[in-house]
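Reviewing the structure listed below.
The values are calculated or read from the model by the stated rules, or taken from the named source; none is laboratory data. Keep in mind the model is a prediction, meaning the values are calculated, not measured. So basically every Cβ, Gly included, is an ideal-geometry build from the backbone, and we count neighbours across all protein chains shown. In case anyone asks, the SASA skips ligands and DNA or RNA and just uses the protein heavy atoms, side chains included. Shrake-Rupley method; radii C 1.70, N 1.55, O 1.52, S 1.80 Å.
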Amino acid sequence: MSLAAEPSAFELQSGATKKELKNLQTTNKNLENLAIDYSARIQVLEQSKDGLQSVLDGQALRIKSLLDTVGRQETKIQALQSSLDYQNEIIKQQQATIENLQKSIGQNAALIEQIDSKLKDLAKLNEDILGISSAMDSGAKNGSGAPGLSSTSSGTKPSPSKIDSPKKTDKQQASGKTNSADRSFKELGNKEILDEARKLYREKNLAESKKRYEWLVKNNYKAASSLYMIGEIEYQRSKFQEAIGYYKKSASLDDKASYMPILLWHTAWAFRYSKDMDNYNKFLDSLIRLYPESEQGKKAKDLRKSKTKG
């Protein structure tokens, strides 16, 4: 082995040959290059990380914005749902109101029919009342007076004495007069005069009662009922034509009075006592149509039935 190939004493002392040192230098260089490369890569990765973080932050903001939008939309949807529920409730209430109105319309239609029927009956009654004058005129021309109770026809018809028939006498004897009849009643108030008229009528003092009712009519105080009572007085005195005239005047002032069933009943009988059977039957029919549930209406119905059977 030559001397040149052998390592020097220095190299031996350092523990490394030149070749090894060169290899180490080369290795170090490579490591440095790797470190630089890795550092560059790390920088690129960090930049990518920063970019991704920015993207993530942007996406997070967008997601938050979308969530906020969704929240607002849900709030609007809830508000719309509440409004829709409210509108549905209103619609239900309106439907119920419409149904009630339809029921009311049906009931009103039935009531209107009843009223219309009643008006037709009243119109017929008015025609009957208006016909009283012509009947009275006809009776006057024929010279027919007001017959007594004994002049009524017999047969299937009930006795007038059993059905509100008028009295034969006035019972106006001097001994029967009350102290109130002797007073000057015109000095009293209308209410007191009315009370006296009623009292005298109950006492059968018909003449004095009539004077007071006539005074009330003259002063237009309860004229309709006063005229009716004068008619009742004339009916009791068997002055049937006069009674009919007063009944007519009373009904023309108030055709809805509580005493109308009795007025029609006595008007019918006044015609019968006057032998005017046509008007007698007309007024019975009017009484049946207008006041079927009244005592007089039921009596009139029984009379018509008994006549039909006869």
* **Test result for residue 76, open to solvent by 100 Å² or more (accessible area, probe 1.4 Å), at pLDDT 90 or above and of a type outside the set (S, T, N, Q)** => yes
* Asked: If a residue has to be assigned to a helix (DSSP H, G or I) and among the charged types (D, E, K, R) to count, how many in the range 251-288 make the cut?
  -> 4
* Asked: Which one of the conditions (1) open to solvent by less than 20 Å² (accessible area, probe 1.4 Å); (2) over 20 Å from residue 249 (Cα atoms); (3) within 47 Å of the chain's Cα centre (by Cα) does residue 191 fail to meet, given that it meets all the rest?
  -> (1)
* Residue that is farthest from the chain's Cα centre (by Cα) [pool: residues in the range 289-302 that are surrounded by fewer than 21 Cβ atoms within 10 Å (Cβ to Cβ) and part of a helix (DSSP H, G or I)] -> 302
* Structure fact -> Exactly one of 235, 273, 228 is among the hydroxyl-bearing types (Ser, Thr, Tyr), open to solvent by less than 40 Å² (accessible area, probe 1.4 Å), free of Cβ contacts under 8 Å to residues at least 40 places away in the same chain and touching a helix residue (DSSP H, G or I) at 6+ places or on another chain (Cβ under 6 Å), and that one is 228
* Conditions: (1) farther than 24 Å from residue 192 by Cβ; (2) touching an Asp or Glu at 6+ places or on another chain (Cβ under 7 Å); (3) open to solvent by less than 60 Å² (accessible area, probe 1.4 Å). Residue 282 meets all but one. Number of the miss? -> (3)
